[in-house]
Structure formats: C-alpha cells, structure tokens
Amino acid sequence: MVDVSVVPEQRASWSGKLGFVLAAAGSAVGLGTIWRFPYLAAHYGGGTFIFVFFIFMLTLGVSLLVLEISLGRKTGESIIVAFTSFGKKYRFIGVFIAAVPFVIASFYGVVGGWVTRYMFAYAAGMTKELADGGENFGAFISDAPQSVAFMLLFGAITFIIVALGVNGGVERANLIMMPALILVSLLIGIYTLTQPGALEGLKYFVVPDFSKFSLELLIAALGQTFFGLSLAAATMVTYGSYMKKDVSITSSAFQTTATTLGISLLAGLMIIPATFATLGSADEVAKNSGPSLMFLVIPKVFEKFGGIATVIGFVFFLLVMFAALTSMISLVEACVSILQDTLEWKRRQALLVTVIVLSVTGIIVTLGYSSLSFIQPLGAGSTILDLLDFLTSSVMMPLGGLLMCLFFGWIRQPKVLIDEVRLSGEFKSAGLWSVMIKYIAPILLVAIFITSVLKTFGVISF
Ligand code: TRP
C-alpha cells in the first residue's frame, strides 16, 4: 500500500486572474474600508482626505502590492520561508512580519463578532434598541458570554471556509461574497443619496477643501493605505504564492487597488451623506466620526428611514459581515500557510493550531471589555483591542513595510522581483517602481512611524 502521508501536498493555486483579484480585493475590502475609511474621511475634511488617499493608494499602495505579490509568487512560499530563501540571516524579517496576521486576526474577529451580532439583532427586529445611542452596544460588548459567543461564531464561519481549501473554500467564498458586496453597497449608496439633506453631505464628501490639509491627515491616509490593502502583514505574500506564473502581477495589483478604492468610495457614499443628513452639519459628522460611527450613529441614521429601517439595517450589516469575513479568511489563510510552510506541517494540523491560538487570543481581547477591562494599556479607558490595533497598524506594519523595501531596494536589488513580474507581461514602470521601493516608500514609512509613535505617547500633538 502506498503511504499517502509521505506524498507532499502540492501547493494550491487560484484558478485564474479573477480568482486572485477577487481574493486579494476580498482581503483588502473589509472593516478597514467600510468602517474605518468613512470615519477617517469624515474626520479629516471629506474631499481633501479622499484626494490624498487616492494618490497614496495609486502610487505607494500599488507598488507595495506588486512587491508582496511578486515575492510570494517568486518563492512559492509564505513570508518566513520566502525571506529565508534569500539567506538564513534574513529569516528574522519574515518572522517579524509573520506575527502580524496572528495579532490582527485576534482583534479583527472580535469586531467581526460585533457585526454578526448587529446583523442578527436587525433580523430579530431590534431596530429601535440598536438606535439608542450606545446603551445597547455597551451592554452587549461588556456581556462576556454573549460577546464571546458571537466572536466564536464569526470565527467558526471563517475556519470552515478555510478548511475547505484555497479553491473550494477561499476562492469560492470570494466569488460569491465580493459581487454581492459591490451590488449591495451600490443599492444602499443610491438609496441614502435620495434622502433629504444628503446632497449637502455629498458635497462635503467629494469636493476637496485644501485648507483642511494637515500632517495628521497625511499620516492617517498613509496608515489607511496600509491597512486597507492588507500590506506588510504576510497576507498578500501568501496570496501571491498561490498565483500562477502566467497571470499579470501589475494588472492584478492595479485591479485590486482600484476595486478597494471603488468600494471605499461607495462605503463613504453609504455613510457620510446619510450621517450628514441625520446629524445636520459637517462639524457634527466630524465630532461623531470615531470608531463608534458604525455601531452607534449608523443605526440612528437607519431608524430615520422609517419602516424600511429594519431591512436596510439587516442588509447593511450582512454586507459588512461579508466584507469582514473575506478579510478574516485572508488573515487565517496567512496564519495557516505560515505554519504549514515553516514547520512543514500538514494543512489540517496548521489549521487546528491556528483555530486554537486565535480562539484563545480572541477570547482574551473580547474580555477586554468585561472581566479584563481593568487592563488599560494605552491610558485610561483604552482596551486590549486598542493596544493590538495600535501595535499592528502604527508599529509593526510600517516597520515591516520598511524592512521589505530596504531589503529589495538595497540588500537585494529591485531587479530580483522585476524579473518575476516580467515573467507574466510587461513592466513598463519598473524604473519608477524601483525609485518608489528604494527611496520614496522608506522615507514616508519612517515619517509615519516616528510621528505616530510620538503622538501616541503624547510627545507631540496635533
Ligand atoms: N484590509 C482589511 C480591511 O480593510 C483588513 C486586513 C485583512 C488586513 N488582512 C490584513 C489588514 C492584513 C492588515 C493586514 O479591513
């Protein structure tokens, strides 16, 4: 009898370009796009922020995406083995970045659980209760058993999809959820625009007012580019490692970025004009534009719609759940592929360990709002989730991005990756790309890193 256990598992691959782009866009479009982008845009003066964000996405964002995808495809490995393949002493870069998806997934699943709960609550007709301005939300997140249950439910759906494999699970889930997401955001966007007062909000959202420009805005837009495109977190390297050699990397990276930008704009259209109409002025929108926007303000906005509020609320949170799921899937897939490639584990074993680790860390983060709420790592009122969010978005991701740029800009030459990109088509802007990787990206990254750390520790303020 043949012992199947010694036959190495063959690396999976996307069935084609569409499979890759939908999966990459699925990873990119998530809570960051639908919840974080609109509140940042509202906070930083609407059109001005959007203008800067566009520029970053289409320059730095696309460039780093090309870097990560080509690194994954060239080596056919996830981040740790990918860097080790350039020499044992570079392994640490891979290890550092490999920690990121584990940390992000630990808190991403918690917010995913909140979204899942809102979807069910709308389905149960709790439209009024959800619009009570925060009491209901506060009671929910501090109710340990209930919030842990929803986090685990959201996690379980993710794990099942990942368990079904790259093609049968991840690719297929994206193929269904991504088009649904685009369609529904278009519908809700158009509907909210027809509401009284919404056009005023639309103007605020699209017309740039350059007097609103600030250093802080610049940093926020850069941070959103990273988080929004799932950069410097091992995810895109893993997705690149499943890409076939004949699929164009440049056009895939561009399409992924364009899709993310498009859905960001749609999310803004869904949220900003409606919030504007409900709250009355740009100042009020900006004041209410923190993370609570989605869970406290949006239900109030929907409640104003009258009888249709329950349906809109349900569909909206279903859509946000889809977006969050496709991102969570990419995070879990990254974790699984790292364990699989680095430790030479079987996929099943890697998934099992990932499930156990993330369930435990997810529970700890969830309890940060109840029994562990005495842990306030970033000052009074802050939570474990805030710490992990800060650690990844403001420290580890910019630092990881910097390490990758320095490595391929200086330790090795950009040509290593340019050759890989050229395997599947032209790369006309290779020269510009090299300048980006060697000079522009490192300078910008050092700038955001220093400024955001100083700001968090209160050394500077703006
Ligand atoms: N990009 C996703 C969002 O906008 C989140 C995400 C998925 C992510 N994978 C990531 C963020 C990797 C950073 C790194 O919600």
Equivalent ellipsoid semi-axes, region 1-144, via Cα gyration tensor eigenvalues times 5, rooted, Å: 37, 24, 16
Selection from 148, 297, 121 lying farthest towards where the dipole of the chain points positive, charges on Cβ: 148
On C-alpha positions alone, give me the angle between the axis of helix 91-123 and the longest principal axis of the chain, in degrees, nearest 10. 30
List the lysines whose Cα lies under 18 Å from the Cα of residue 128, skipping any in the same chain that are fewer than 8 positions away. 300, 304
Positive dipole terminus of region 28-181, leading residue within 82, 169, 32 (C-beta point charges): 82
Region 288-352 - Debye-derived log10 I(q)/I(0), Cα point model, q = 0.20 Å⁻¹: -0.79
Two decimals, Cα atoms only, Kirkwood Rh: what is Rg/Rh over region 224-299? 1.15
Spin-label model distance (nm) - residue 128 vs residue 92, 7 Å beyond Cα toward Cβ: 6.1
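How much space per residue, in cubic angstrom, does the convex hull of the C-alpha atoms of region 118-256 take up?
Considering the Cα atoms of region 118-256, their hull volume per residue is 215 Å³.
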Given Cα positions, please report Rg to Rh for region 288-417, the hydrodynamic radius being the Kirkwood one. 1.08
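With runs of 4+ DSSP H residues as the only contributors, calculate the mean residue ellipticity of the chain at 222 nm using -39,500 (n - 2.57) per run, divided by the residue total and rounded to the nearest 500. Show your work: numbers first, answer last.
On the way: 23 runs with 312 residues, N = 462.
Calculated from helices alone, the mean residue ellipticity at 222 nm is -21500 deg cm²/dmol.
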Taking 8 Å as the Cα distance limit and 6 or more residues as the minimum spacing, I'd like the relative contact order of the chain as a percentage. 32
If I model a spin label at residue 58 and residue 311 as a point 7 Å from the Cα along the Cα→Cβ vector, what separation in nanometres do I get? 3.8
Suppose R0 equals 30 Å. What FRET efficiency, 1/(1 + (r/R0)^6) with r the Cβ-Cβ distance, do residue 99 and residue 416 give to the nearest 0.05? 0.80
What per residue convex hull volume, in Å³, comes out for the chain when only alpha-carbon positions are used? 145
Suppose a student asked you for the relative contact order of region 55-166, using Cα pairs under 8 Å spaced at least 6 residues apart; what percent would you report? 19
Residues whose placed amide H lies under 5 Å from that of residue 248, excluding near-sequence neighbours: none
Suppose we look only past 12 Å in the calculated P(r) of region 61-106. What percent of the Cα-Cα pairs does that tail hold? 62
Taking the mean number of other Cβ atoms within 10 Å as a proxy for protection, how do you rank 333-341, 167-175 from highest to lowest? 333-341, 167-175
Cα centroid separation - region 61-115 against region 429-462, whole Å: 19
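Taken together, the values in this text are just the output of simple stated rules run on the coordinates, not laboratory data. In this text, all values refer to a predicted model and were calculated from it rather than measured experimentally. Cβ atoms come from the backbone with ideal geometry, glycine included; neighbour counts cover every protein chain shown.
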